[in-house]
Structure formats: structure tokens, C-alpha cells
Amino acid sequence: MITLFVFYLHTIAAVTAFTKRWQDGGWGEGLLGIAFIALIFSVGWSITAFILALIVEKKGFGIWFDRDAMSLALLTLLEAGFYYAQVRKKRGRFA
């Protein structure tokens, strides 16, 4: 269930990025926004899965929060911080 929720959030983020970039710069910019999110997601998931494999057992904390769900949750938190910092930096309020 957690895995489905994380994939759903990333789908919404990809659609949002495409729409915003498409309106600002055109169709090609929208596709670049989706490609950026896909790249960050795939590389980030690999890194968080590797790190958590060193720390946590495969079964994790139960059937709903196993190691894969934990790595996706950690990835989502890290991505949210990264994207927030990027948006804040573009608006000029980044100190």
C-alpha cells in the first residue's frame, strides 16, 4: 500500500512537472521535466535500497512496511526536500 501511494505521488509530480514546464517552455521542456523526475527517482531508489539493505532486514517492520517500502518512503522524503530547496532557490528566498 505504501509502495502504491509513493508511485501515485510520483505520477502526480510527473504530470505537474510536465504541465508547468510545457506552459513555460514548450512540449520539449515538459518531456525534460518528466525525464528529470524519472532519473532522480530511479537513481535515488537504487541508492536508498542499497543503504537500507545494509541496515534493515528484508522483512522490515512487517508486511506493509518492508525494506522496499522503507526505501521508497525515504526516497520520497529526500526528494521532497530537494524539490522544495530548488523551488525556494528559484524564487530568490534561498539564503
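The values are calculated or read from the model by the stated rules, or taken from the named source; none is laboratory data. As the structure is a prediction and not an experimental result, all values here were calculated from the model. Cβ placement follows ideal geometry from the backbone for every residue including glycine, while neighbour counts extend to all protein chains displayed.
Are there any pairs with C-beta distances below 9 angstrom linking a residue in the range 58-77 that is at pLDDT below 95 to a residue that is of a type in the set (Lys, Arg) and surrounded by 11 or more Cβ atoms within 10 Å (Cβ to Cβ), with the two at least 6 apart or on different chains, and if so which?
The qualifying pairs are LYS58/ARG67; LYS59/ARG67; GLY60/ARG67.
What are the residues in the range 43-70 that are loosely packed, with under 11 Cβ neighbours inside 10 Å and not in a loop (DSSP other than H, G, I, E, B), if any? Walk me through it before giving the result.
Step one: list which residues in the range 43-70 are loosely packed, with under 11 Cβ neighbours inside 10 Å, which gives 50, 54-55, 57-59, 62-64.
Matches in the range 43-70: PHE50, LEU54, ILE55.
Sort out which residues of the range 84-94 are assigned to a helix (DSSP H, G or I) and at pLDDT below 85, and write them in order of number.
Of everything in the range 84-94, those that are assigned to a helix (DSSP H, G or I) and at pLDDT below 85 turn out to be GLN86, VAL87, ARG88, LYS89, LYS90.
Only residues that are of a type in the set (Phe, Trp, Tyr) and more than 19 Å from VAL87 (Cβ to Cβ): list them for the range 1-51, please. Explain how you work it out, then say what you get.
Taking the range 1-51 as the starting set, the residues that turn out to be of a type in the set (Phe, Trp, Tyr) are 5, 7-8, 18, 22, 27, 36, 41, 45, 50.
Of everything in the range 1-51, those that are of a type in the set (Phe, Trp, Tyr) and more than 19 Å from VAL87 (Cβ to Cβ) turn out to be PHE5, PHE7, TYR8, TRP27, TRP45, PHE50.
Name the residues in the range 1-42 that are surrounded by 12 or more Cβ atoms within 10 Å (Cβ to Cβ), of a type in the set (S, T, N, Q) and either at pLDDT 90 or above or more than 26 Å from ARG67 (Cα to Cα) (or both), would you?
Matches in the range 1-42: THR16, THR19.
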